[in-house]
Amino acid sequence: MNRRDDPAALLIVEDEPDLRQLYELALVKVGLAVDAVGDLAQARARLAQRRYGALLTDVRLPDGSGLELLRDLAREQRPERVIVITAYGSADHAVEALKAGAFDYLTKPVAPARLRQAVATALAAGRMGADALDAAPPNGPAPRPVPGAADAPPPPAAPAAGDGAAALQRLIGDSPAMQAVRLTIQRVARTMAPVLVTGESGTGKELVARALHACSHRASGPFVAVNCGAIPADLLESELFGHRRGAFTGASADKPGLFQAAAGGTLFLDEVSDLPLPMQVKLLRALQERAVRPVGATAEEAVDVRIVSATHKDLARLVQAGQFRHDLYYRLNVIPIHAPALRDHAQDLPAIAHAILAQLARRDGLPQPPTLTPAALQRLQAHPFPGNVRELENLLERALALHPGPTLDARVSTLRSPLPSADRRSGGGRPTPSSS
């Protein structure tokens, strides 16, 4: 392979010689071609000579900040995925790096297994050198077992091109608001940056999360969704992190948690605002350390998950009221995506209604979906739909049951949701292709 364009190679930028050598040895031993330098000037010189699959940089360097390299690569539209190393507890640096376009971040001290895992994921994300940790580059050293290597799972396979496109198509609508949602998903799906999806009940926040997963390099991994408000507080820790046999009454066997179940994929924390404060502390540590401690265990277990969370509440207001931790808020809200209320993109209602009716027709075995008359559409578009797309789905389902036939006329708008308009909580309704 041309040394000037080596997608299975890595550039390390670290000013401390001992750490630089440690990182280099940990990666060279498993077959990666590695260049290591100690400052920004040397890094820029190497980048001028060749392209890499990924770049690992400390934030604080003798001649500037590693974040400057992020800006350089973005300006030049370079392909390298950047992993930023921050000092322990430097949450601000991690968030700043992710917002600047970093693929991932690591907190010192970095365990070799965690380092290999992050690099493998970064290479896979760029669809370059996805097998770099399993097979040496043509001119590189042969791979050999390394203590702890089993802790780092192989990088996930690249998703099929149609998976992400299909997920984006479920976010129906050509309005500026929906176009902005889809564009943001496409831009941030390739990173490990945590995403916070906000929006009223029934706006399709889970569909946004699923689209993020489907458009990412983790699409071949699991998508695990959990409603944080639906789990009793005394069971939350065990459900999220797992438990060991004998940890409490009824724990007759080891049980993995939802973090472990989502390994290699995406964990969707719906209604994250409902987490009690003690659990918020533990979730914050899991996000910072990329590790969880099962109930009854004496050691933490590394987990490789991408976190997407959602809420219908105003988290910033909850932070001000002391009901939600500000440090967890900033960890979760690195990339915000707002799912618009249906009344804010009413021009999309005809397409959304058509998709709902098509799904209902398939479910009920109808030869073709019914159509809405212009009068019915006009009256529906005038309704504020406090329950958003979920309310629209409910209304159309009842209209189809009560007024069967090839068309639904203006009578459809006389059917109102039995739910009070003030109830905008995220419920357990199933996501539909139109719940956007």
Inset, instruction - Return only the number of the condition from (1) assigned to a helix (DSSP H, G or I); (2) buried (at least 16 other Cβ atoms within 10 Å of the Cβ); (3) among the small types (Gly, Ala, Ser) that Ala41 does not satisfy. - result: (2)
Inset, instruction - Give the residue that is surrounded by the most Cβ atoms within 10 Å (Cβ to Cβ), with candidates limited to residues of the range 372-393 that are in contact with a strand residue (DSSP E or B) (Cβ under 9 Å, 6 or more places away or on another chain) and not in a helix (DSSP H, G or I). - result: Leu372
Legend entry - Those residues of the range 6-27 which are under 27 Å from the mean Cα position of the chain (by Cα), surrounded by fewer than 22 Cβ atoms within 10 Å (Cβ to Cβ) and within 15 Å of Gly66 (Cα to Cα), in sequence order: none
Inset, instruction - Assess whether Ala353 counts as being closer than 30 Å to Leu269 by Cα, crowded, with 21+ Cβ neighbours inside 10 Å and more than 27 Å from the chain's Cα centre (by Cα). - result: yes
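Mind listing just one residue for me: the one in the range 208-257 that is among the basic types (Lys, Arg) and within 30 Å of Ala120 (Cβ to Cβ) and, of those, surrounded by the most Cβ atoms within 10 Å (Cβ to Cβ)? First the steps, then the outcome.
First, pick out the residues of the range 208-257 that are among the basic types (Lys, Arg): 210, 218, 244-245, 255.
Next, from what is left, pick out any that are within 30 Å of Ala120 (Cβ to Cβ): 210, 218, 244, 255.
Details: Arg210: 21, Arg218: 28, Arg244: 17, Lys255: 16.
Step by step, filter the range 208-257, then rank; the result is Arg218.
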Inset, instruction - Determine, yes or no, whether Ala286 is outside any helix (DSSP H, G or I), closer than 16 Å to Val224 by Cβ, touching a Phe, Trp or Tyr at 6+ places or on another chain (Cβ under 9 Å) and not assigned by TED's automatic domain parsing to the domain that holds Thr86. - result: no
Inset, instruction - Could you check Ala376 against (1) at negative phi; (2) in the same structural domain as Arg190 (by TED's automatic domain parsing) and say which number it fails? - result: (2)
Inset, instruction - Could you tell me whether Ala339 is in contact with a Lys or Arg (Cβ under 7 Å, 6 or more places away or on another chain) and surrounded by 17 or more Cβ atoms within 10 Å (Cβ to Cβ)? - result: yes
Legend entry - Subset of the range 65-122 (residues that are of a type in the set (Asp, Glu) and either surrounded by fewer than 20 Cβ atoms within 10 Å (Cβ to Cβ) or not in a loop (DSSP other than H, G, I, E, B) (or both)): Glu68, Asp72, Glu76, Asp92, Glu96, Asp104
Inset, instruction - Residue by residue through the range 176-202, note down the ones that are more than 22 Å from Val305 (Cα to Cα) and in a loop (DSSP other than H, G, I, E, B). - result: Gly199, Glu200, Ser201, Gly202
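The values are calculated or read from the model by the stated rules, or taken from the named source; none is laboratory data. It should be emphasised that the depicted structure is a prediction, and the values quoted were computed from it without experimental measurement. Heads up, the Cβs are rebuilt from the backbone with ideal geometry, glycines too, and the neighbour counts pull from every protein chain shown.
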